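Below is one structure, written out as structure tokens, with a few remarks after it.
Nothing in this text is a laboratory measurement; each read-out follows from the coordinates by a stated rule. Since the structure is predicted, the reported quantities are computational estimates derived from the model, not experimental observations. Positions of Cβ are backbone-derived with ideal geometry, glycine not excepted, and every protein chain shown enters the neighbour counts.
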Amino acid sequence: MKKVLLFSLFLLIGLFFSQVLPSLFSDTYETFVFVFKNLMFICLAFIMINVGREFELNKAKWKSYTEDYFIAMATAAVPWLLVAFYYIYILPYNDLSWDKNLLVSRFAAPTSAGILFTMLAAAGLKKEWIYQKTQVLAIFDDLDTILLMIPLQILMIGFKWQLFAIVLVVCLLLVFGWKKLNSLNLPQSWKAIVIYSVCLVAACESIYLISKVFMGQEGAIHLEVLLPAFVLGMVMKTVHKTGKEEENAAGFISYLFMFLVGLSTPLFVGIDTEAAGFHLPDWGTIALHVCAVTLLSNIGKMFPLFFYRDRNILERLALSIGMFTRGEVGAGIIVIALGYQLGGIAVIVSILSLVLNLVLTGFFVVAVKKIAQRVYGVKE
């Protein structure tokens, strides 16, 4: 619970400084932005490598995961489409085109179940169906979110030849990830993962800068770090590092990432919105839209309730509520959207909705725990 509240706090602190620092740094702000954005992508790569490390499947029984994957895909798609519909047709003063709204609203798709896993394990439920199914769906949920970023990126850059280069790289990464799943013995301390993260960000940035030199801004190849980092985590033969140092380092990087996500928010306080090209309603109205978007994003996550009919309905309810939890992957989607220079009320509502959902995560976890204990009995 403490970790979730700190996520929210650091995101809000970053949001506050995003409105203050531009005037303080003035002429040197662009250099500052370059530094903290690269640091942010290093943190994102670190997080995605660890998400990939949790991707453990029995390849010999891959057909048994088919139903789970499609349920996870729908569980990611329904909240995304509900929020996208809301942004396009209901959210006032939203001047983003439909394709940009699809990208921004994707933050509602991924589930961050790390906190939930910890709480269920502490409750003695690690061997129960609810724990095992939540783990499978959450990982597939994140994988689907990452994969769908590819067609969304296509919508953003248009059908250019660079697109085929990106698709080729993505296909090669996926084939490599599947063939080498959980097979490479690589160092997995937090220091080693930081080094991998720096190398991945440097590689992606180098591809962009080199292609920009030869083909100009319009012809530059922009490969997001999400998938390469996830695949690197997939191919590692997972070694679960334990100890205070590992936990503290991973926690610090997650908090830093949430702070930097908030810091990336475009300036919207104290500016001439007419000149900036967008409008903002009063904060009371924004709060209502934040609540509405949060509600829609969580209603969409109830999709698993209608499947797994062989299980108790309370188990399915607990599984669905467990999918409400959000975290760093959702924040990573907002980072990608900001990288395309998107702004306005949709971005602000998305960030604040993520904060609200993080604050509510403690209640979601308690609800799942209580329902699960009602089904399986108290095991603590």
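Counting other Cβ atoms within 10 Å of each Cβ, which GluC sites (Glu not before Pro) in the stretch 23-79 have at most 14 and sit in a DSSP loop?
On the way: sites: GLU30, GLU54, GLU56, GLU67; in loops: GLU54, GLU56.
The qualifying sites are GLU56.
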Have a look at MET215, MET302, MET73 and tell me which one the Gaussian network model of the chain (Cα, springs below 10 Å) gives the largest fluctuation. MET215
Taking R0 as 35 Å and r as the Cβ-Cβ distance between THR28 and VAL175, the FRET efficiency 1/(1 + (r/R0)^6), rounded to the nearest 0.05, comes to 0.20
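Grab the DSSP H runs of the chain that are 4 residues or longer, score each as -39,500 (n - 2.57), total them, divide by all residues and round the 222 nm result to the nearest 500 deg cm²/dmol.
Taking each H run of at least 4 residues, the total per residue is -24500 deg cm²/dmol.
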With all pairs of different alpha carbon atoms counted, what Kirkwood hydrodynamic radius in Å does the stretch 334-373 show? 11.9 Å
Across GLY14, GLY339, GLY52, the residue with the highest GNM fluctuation in the chain (Cα network, 10 Å cutoff) is GLY339
Can you give me the relative contact order of the stretch 2-376 as a percent, contacts being Cα pairs under 8 Å and 6 or more apart? 35 percent
Cα convex hull of the chain: how many Å³ per residue? 146 Å³
Run the simple label-point estimate for LEU6 and GLU247 please: 7 Å along Cα→C-beta, distance reported in nm. 1.1 nm
Want the number for PHE70 to ASP310: 0.36 nm per residue separation, take away the alpha-carbon distance, what's left? 84.7 nm
When each of LYS61/LYS301; LYS63/LYS180; LYS37/LYS369; LYS100/LYS370; LYS61/LYS369; LYS100/LYS301 is checked by Cα-Cα distance, pairs over 28 Å: LYS37/LYS369; LYS100/LYS370; LYS61/LYS369
Using a Förster distance of 22 Å, the FRET efficiency for LYS237-ALA202 (Cβ separation, nearest 0.05): 0.35
In nm, give the distance between the simple-model label positions of PHE85 and PHE16, each being 7 Å from the Cα along the Cα-to-Cβ direction. 3.8 nm
What distance in nm separates the simple spin-label points at LYS370 and LYS37, each placed 7 Å from Cα in the Cβ direction? 4.5 nm
